[in-house]
Amino acid sequence: MTTLFLASVGIEHFLTVGALLFCLGLMIALGKRNAIGVLMGVELMLNAVNLTLLTFSRFSESDRPIAGQTFVAFIITVAAAEAAVALALAMSVYRNRETVDVDQINLLKS
Amino acid sequence: MEGSGPVIAFWMLAAVTLVAAGGVLVSRNLLHAVLFLILAFIGVAGHFVLLSAEFLAMAQVIIYVGAISVLVLFAILLTPRASRDNGETKAFPFGALLAIALAAVFLFVINDTDWRTVSESPGLAPEALGEALLTTWVLPFEIASVLLTAALVGSIMLARTAEEEAEDALA
Amino acid sequence: MALPMLATDNWYDIRDLANLTNPLLDFVGDNISSELAYILGPLIGFIASFLIFVLPSQLYVGVYGERKLIGRIQSRLGPNRVGPFGLIQPIADAIKLMQKEALTPKLGDPIIMNLAPIIFVAPAVLLFAVIPFGPNMIVANVNVGLLYFLAVSSLPVLAAFMAGWGSNNKYSLFGAMRIVAMSISYEVPLVLALLGVALFTDSLSLQGMVLWQKEWDIWVGFLMPIAFVIYFICVSAELNRTPTDIAEAESEIVAGYLTEYSGMKWGLFYGMDIGYALAASAFAATVFLGGWSMFGLDKFIPPWLLLVVKTHLFYMLFIWTRGTLPRLRIDQLMAFAWKFMLPVALANLLLVATERMLWVDAFDSKQAMLYVFMIVNIAAAVGIVYVWARFLGYDPDSQPTKARLVKEAGGYVPVGREVR
C-alpha cells in the first residue's frame with residue numbers, strides 16, 4: 001500500500017495537499033495577530049480551494065470538466081479584488097489607530 | 001498519473017508548498033512570511049501545471065506573485081512599526097486545534113471515499129477555458145469585471161487620506 | 001511539429017541545430033533510458049542557447065558594445081586599453097569583480113540579502129526556454145508561452161525588492177519601493193499591448209506567432225506599431241534602462257537597491273540586467289519582428305542567426321535611448337504610465353479587435369486587408385504621437401517658472417518672455 005501510495009499519484013494525493021494547505025491557512029487566519037498576516041492565511045486557503053477544484057476538474061468523471069477551471073478563474077479574480085480592498089482597509093485602520101493588530105481593534109468592547 | 005517524472009515532480013512540489021505554508025505560520029518577521037507565501041503560491045502553480053491547467057498556472061503566477069504579493073509588500077511598508085511582528089493571538093491554540101481537527105476529517109474523507117476517477121487527462125486547452133468563459137459563464141464573467149471595478153474604486157476611497165480628499169475638492 | 005520549410009533533416013544541416021540534437025536524444029531514449037533523454041533535452045537546449053547566444057551577447061553586445069557605443073554617442077572612445085580595441089575588457093571586469101569582497105551590512109538581513117542575487121539570476125535563464133530559435137529549436141514549446149514569459153518576468157521584481165529590504169539602507173528601500181511601483185504600473189499597458197498581438201495572431205504560443213507572421217508575410221511590429229512602441233517603452237521601464245532607471249538613479253538615491261552590494265553579488269545583478277534586456281529583445285524580435293522568419297530568407301540563412309541579429313538590433317535601441325535621453329522623474333513616469341500609456345493601449349486594443357473581426361469575416365483578399373490595416377495602424381500611431389506632442393507635450397517656453405529660474409541664475413531669457 002505504501003509503495004503504491006508513493007509510486008503513482010492520483011486524486012487522493014492532490015486532495016491531501018489541498019486539505020493540508022487549507023488547514024495551514026486556517027491556522028494562520030485564526031491565529032495571527034497582524035491583520036496582514038490574517039490576509040495571508042486567507043489567500044492560502046483560497047489557493048487550497050483552487051487546487052482542490054482543479055483536481056476534481058482533472059480527475060473526476062464529468063461531461064463538462066471545464067467547469068472546474070472556470071471556477072478557479074473566477075476565484076483568482078475575486079481574490080485579487082479581495083486583497084486590494086483588505087489591504088486598503090488595513091492601511092486606513094493603521095492611519096486611524098496606529099496599529100493593525102486585530103487584538104487591539106476593539107472599540108466596541110466596553 | 002504514471003511515470004517517474006510527474007510523480008517526482010508532485011512530491012517535490014508538495015513538499016515545497018507545504019513547507020512554505022508552514023514557514024508563513026512560524027516565521028516571526030512579516031517580510032519573511034510574505035516571501036514564504038510567494039514560494040507557496042509558486043508551488044501551487046506547479047501543481048496546476050501537473051493538473052494540466054497551464055493557463056491557470058501562469059495566471060496564478062502573474063496575479064498572485066506579480067500583483068497580490070506586491071500589494072501585501074506595499075501594505076507592510078506603508079504601515080511601519082505596527083506590522084513588522086507576525087506573532088499569534090491568545091486564541092491561537094484553539095484555532096490550531098480546530099484546524100487540526102478539520103484536517104483529520106478531511107484526510108479521513110479523502111481516503112475513505114471511493115472516487116470515481118478517469119486516468120486520462122481531459123486535455124483542456126486554454127481555448128476551451130476562454131470559450132467557456134464567454135459562452136456558458138458569460139454572466140459571472142461580466143459580474144466579475146463589475147466587481148473588479150467596484151473593488152478598485154473602493155480601495156482608492158479607503159486608502160485616501162482626508163488631506164488628499166480636501167486637495168482634490170479644491171482642484 | 002513537422003515543418004516543410006527546411007530542405008533536409010540531415011544532421012549536418014546547420015540551418016536548424018535541432019537536426020544535430022534530435023538523433024542524439026532519440027539514440028539515448030531508445031538505448032539507455034527515456035528518463036535520461038527527458039532530462040538531457042532541456043539541458044542541451046539550455047547549454048547550447050547559452051553558449052551560442054546568451055553569454056557572447058551578454059559580454060560582447062551587453063558590456064563591450066554598450067560601453068563602446070555610448071562612448072561614441074558621448075564623443076568618447078569607450079574601452080580601448082585591454083586587448084585589441086579593448087575587446088578583453090568585459091573579461092577583465094569580471095575578474096576584477098570576482099576578486100572584490102562581497103560585503104554584507106551588519107544590521108542587514110543576511111539571508112534575504114544573499115538570496116536576492118540568486119533569485120534574480122534564475123528567471124533570466126528560464127525566460128529563454130520559450131523563445132523559438134528555429135522551426136524545431138525551442139527548449140519548451142508550451143502553448144501558453146506568452147503568459148509564461150509574463151509570469152517569469154514578474155519574478156525579478158521580487159528579487160530587487162528583497163535586495164532593497166535586506167540591505168537595511170534607506171536608499172535601498174527607496175529603490176525597492178520605486179521598482180515595485182514602476183513594474184506594477186507598466187505591467188498593465190504591456191499586457192494590454194501583447195493582448196492585441198495574441199488576439200490577432202490567434203495564438204498564445206510564441207512559435208505560433210512566428211508561424212503566423214511567416215504565413216502572412218508581415219511583421220506584427222508593422223501591423224501594430226502602437227503595440228510595438230508601447231512594448232518598447234514599458235519594457236525599458238520594467239528593465240530599469242537608463243531613461244527610466246529611477247530605481248537606481250544615482251543622482252537621487254545613490255544606487256537604489258544596489259547601494260550595499262559589492263563584488264560578484266553586484267556583478268550578478270549587473271550581468272543579469274543585461275540578460276533580462278536580451279531576453280526582452282529576443283521576445284520583441286519573436287513577437288514583433290518575425291522571429292526566425294524573414295520573408296523567405298530563412299531558407300538560406302540559418303534561422304537562429306536571423307533571430308540573434310534581430311535581437312541585437314533591438315538591443316541597439318535600448319543603448320540608443322540610454323545614450324541620448326535624460327532620466328525622468330518618478331512622478332513623470334507614473335503619470336505617463338497611467339494617464340497616457342493605459343488609454344492608448346486600450347484604444348489600440350479596440351482598434352486591433354475591430355480589425356481582427358473584419359479580417360476573420362472576410363472571404364477573399366485577406367492579404368491585401370492586412371496591408372490596409374498596416375497603413376491604417378501606422379497612420380494612427382503617427383497621429384497619436386503628433387497630437388500628444390502638439391497639444392499635451394511639454395513646451396519649455398510656456399513655463400513662466402522656468403524663465404524666472406533662468407533670470408535668477410542670470411541666464412538668457414528669450415525676448416517676449418520677460419518675467420513681470
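No value in this document is a laboratory result; all are computed from the given coordinates. These numbers come from a predicted model, not from an experiment. Cβ sites come from the backbone with ideal geometry, for glycine too, and all protein chains shown count toward neighbours.
Exposure proxy shown here: for C:Asp364, C:Asp298, the number of other Cβ atoms within 10 Å sets the order, fewest to most, as C:Asp364, C:Asp298.
Calculated from the alpha-carbon coordinates, the range B:12-86 shows an Rg and a Dmax of 13.3, 43 Å respectively. Rg/Rh for the range C:81-164 stands at 1.13; both radii use Cα atoms, and Rh follows the Kirkwood definition.
Could you give log10 I(q)/I(0) at q = 0.09, 0.15 Å⁻¹ for chain C, computed by the Debye formula over C-alpha point scatterers of equal weight, without solvent? Here log10 of I(q) over I(0) equals -0.65, -1.49. The distance from the alpha carbon centre of the range B:97-171 to that of the range C:178-254 is 27 Å, rounded to a whole number. Its DSSP H runs of at least 4 residues, each contributing -39,500 (n - 2.57), put the calculated 222 nm mean residue ellipticity of chain A at -26500 deg cm²/dmol, to the nearest 500. Database remark: amide H of A:Lys32 closer than 5 angstrom to the amide H of B:Thr89 (H placed geometrically; neighbours at sequence offset of 5 or more, or on other chains; Pro and chain starts carry no H). Across chain A, Cα pairs under 8 Å and at least six residues apart give a relative contact order of 25 percent.
Pick from C:Met182, C:Met369, C:Met264: which is most flexible by mean-square fluctuation in a GNM of chain C where alpha carbon atoms under 10 Å apart are linked? The residue with the greatest mean-square fluctuation here is C:Met369. Taking amide H positions as modeled 1.01 Å from N, with prolines and chain starts lacking one, the residues under 5 Å from C:Asp245 and 5 or more places away or on another chain are C:Leu328.
Note on the range A:1-105: Rg/Rh from C-alpha atoms, Kirkwood Rh, equals 1.13. With neighbour counts taken as other beta-carbon atoms within 10 Å, the residues B:Asp112, A:Asp103 rank, fewest first, as B:Asp112, A:Asp103. Structure note, pairs C:Lys170/C:Lys265; C:Lys265/C:Lys310; C:Lys106/C:Lys170; C:Lys96/C:Lys310; C:Lys214/C:Lys366; B:Lys90/C:Lys170: Cα-Cα distances above 24 angstrom occur for C:Lys265/C:Lys310; C:Lys96/C:Lys310; B:Lys90/C:Lys170. Measuring nothing but how far apart in sequence close Cα pairs (under 8 Å, 6+ apart) lie, relative to its length, chain C scores a relative contact order of 19 percent. Listed by chain and number, the lysines placed with their C-alpha closer than 21 angstrom to that of C:Lys339 amount to none; residues fewer than eight positions away on the same chain are left out. Using every pair of distinct Cα positions in the protein assembly as shown, the Kirkwood expression returns a hydrodynamic radius of 27.9 angstrom.
Inter-chain neighbour count for A:49-62: the average number of beta-carbon atoms from partner chains within 10 Å of each residue's beta-carbon is 6.
The calculated 222 nm mean residue ellipticity attributable to helices in chain C amounts to -19500 deg cm²/dmol, summing -39500 (n - 2.57) over DSSP H runs of n ≥ 4 and dividing by all residues. Listed from fewest to most Cβ neighbours within 10 Å, the set B:Trp137, B:Trp11 follows the order B:Trp11, B:Trp137.
Each residue of the range C:332-345 was assigned a 3J(HN,Hα) from its phi angle through the Karplus curve 6.51 cos²θ - 1.76 cosθ + 1.60 (θ = phi - 60°); the sequence is 5, 5, 5, 4, 4, 5, 8, 9, 10, 5, 5, x, 5, 5 Hz, with glycine and proline shown as x. Using C-alpha pairs under 8 Å with a sequence gap of at least 6, the mean separation divided by the residue count of chain B gives a relative contact order of 18 percent. Between the residues C:Pro156, C:Asn114, C:Ala249, the greatest Cα displacement towards the positive end of the dipole of chain C, with unit charges on the Cβ of Lys, Arg, Asp and Glu, is found for C:Ala249.
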